[in-house]
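These notes are about the structure you will find just below.
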Amino acid sequence: MPAPTGRWVPQTDGRAALPAQGPPAALDEFGAPSTPAASLSDLVVVVAAGGGMGRSTTADLLARRLCVTGPLVVIDDAPGLFSLRRTLPRGPNGLATMPGYGGDYHVLAPDEPLRRVDSVSVVEGADPGWATLVVDSYDPVLYLLHAPRWYRLLTEPGVRVVLVAASATGPLQQAVTAARALRQAGVRPEDLVAAVVDINEGRIPRPARARMVMLDGEVGAITRVPHLPSVRASGRLDAGHGGRDAERAADALVQRLALEDAA
């Protein structure tokens, strides 16, 4: 699979990496492009109500499954101090290449500790050679919904949103609140999927199961994702890690997001 051709340059203030593209797109009243995902086949934004939920695991599983359909880039917008993906080896275009199921995918992450990728700007200036973008968003849902450009992106029709939560009572309750906020903001049920990361190896306590039922009522679909510590430890999902459970979870996510025809 050919690598995306876009090259990346740091902002002069050192806070973000932005695409070296042509003139910016036309902006709406919120300062966002009128068609943020127009050049992409698919745009998936992976979010959580807080940190440590398994968001990066979920983003990597999606990328590994969807990369067979065409060039795919995972955008990690965590600050460089917190992103282990910034340590991945990069090619001349500034992107790291990772193995997926049936192909490779690419990762855009901060390249220095004090830098951060501006995900919305990357989406606005997406390389026409990219088929899919998976945004691994560092900030929690309620913060994103208070940022006009992010609000505009998350509520754009056809943009899929994956809400990630760990399989424990507190995180699941946070996810219920976040799902309700996303729905009230205008995210359509069919574009909103919950991914519950199984940190209890299948033994979910009754109060947590009750929260899962509540969460299922707030989203278009819900699926279970295995807990894969290697993503947190090394910034990547190692080849073969997770076995069939990981592959089945990736398949389920693609199906729930109505991406199965493309994949």
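Of all the criteria given as (1) free of Cβ contacts under 8 Å to residues at least 40 places away in the same chain; (2) surrounded by fewer than 20 Cβ atoms within 10 Å (Cβ to Cβ), the one not satisfied by residue 194 is (2). Out of 114, 95, one residue alone is surrounded by fewer than 24 Cβ atoms within 10 Å (Cβ to Cβ), under 17 Å from the mean Cα position of the chain (by Cα) and farther than 27 Å from residue 256 by Cα. It is 95. The residues of the stretch 157-171 that are touching a strand residue (DSSP E or B) at 6+ places or on another chain (Cβ under 6 Å), more than 24 Å from residue 186 (Cα to Cα) and of a type outside the set (Ser, Thr, Tyr) amount to a single one, 166. Screening the stretch 161-215 for residues that are acidic (Asp, Glu) and within 22 Å of residue 137 (Cβ to Cβ) and picking the one that is modelled with the highest pLDDT gives 191.
All of (1) surrounded by fewer than 24 Cβ atoms within 10 Å (Cβ to Cβ); (2) closer than 24 Å to residue 61 by Cα hold for residue 143 with one exception: (2). In the stretch 175-187 there is at least one residue matching the filter, namely being surrounded by fewer than 17 Cβ atoms within 10 Å (Cβ to Cβ) and at positive phi. A search for C-beta distances below 7 Å between a residue of the stretch 236-263 that is more than 24 Å from residue 89 (Cα to Cα) and modelled with pLDDT under 85 and any residue that is of a type in the set (D, E, K, R) and in a helix (DSSP H, G or I), counting only pairs 6+ apart in sequence or on different chains, returns 258/190; 263/65. Being buried (at least 16 other Cβ atoms within 10 Å of the Cβ) and over 30 Å from residue 205 (Cβ atoms): is that true of residue 159 here? Considered against the rule, which asks whether it is buried (at least 16 other Cβ atoms within 10 Å of the Cβ) and over 30 Å from residue 205 (Cβ atoms), residue 159 comes out as yes.
Applying the criterion of being of a type in the set (A, V, I, L, M) and in a strand (DSSP E or B) to the residues of the stretch 96-113, the residue that is modelled with the lowest pLDDT is 98.
Just wondering, is there one or more residues in the stretch 198-206 that are buried (at least 22 other Cβ atoms within 10 Å of the Cβ) and either β-branched (Val, Ile, Thr) or under 14 Å from the mean Cα position of the chain (by Cα) (or both)? Within the stretch 198-206 (the criterion being buried (at least 22 other Cβ atoms within 10 Å of the Cβ) and either β-branched (Val, Ile, Thr) or under 14 Å from the mean Cα position of the chain (by Cα) (or both)), the answer is no, since none of the residues qualifies.
The values are calculated or read from the model by the stated rules, or taken from the named source; none is laboratory data. Small disclaimer: the values here were computed from a predicted structure and weren't measured. Virtual Cβ from ideal backbone geometry, glycine too; neighbours counted across all protein chains shown.
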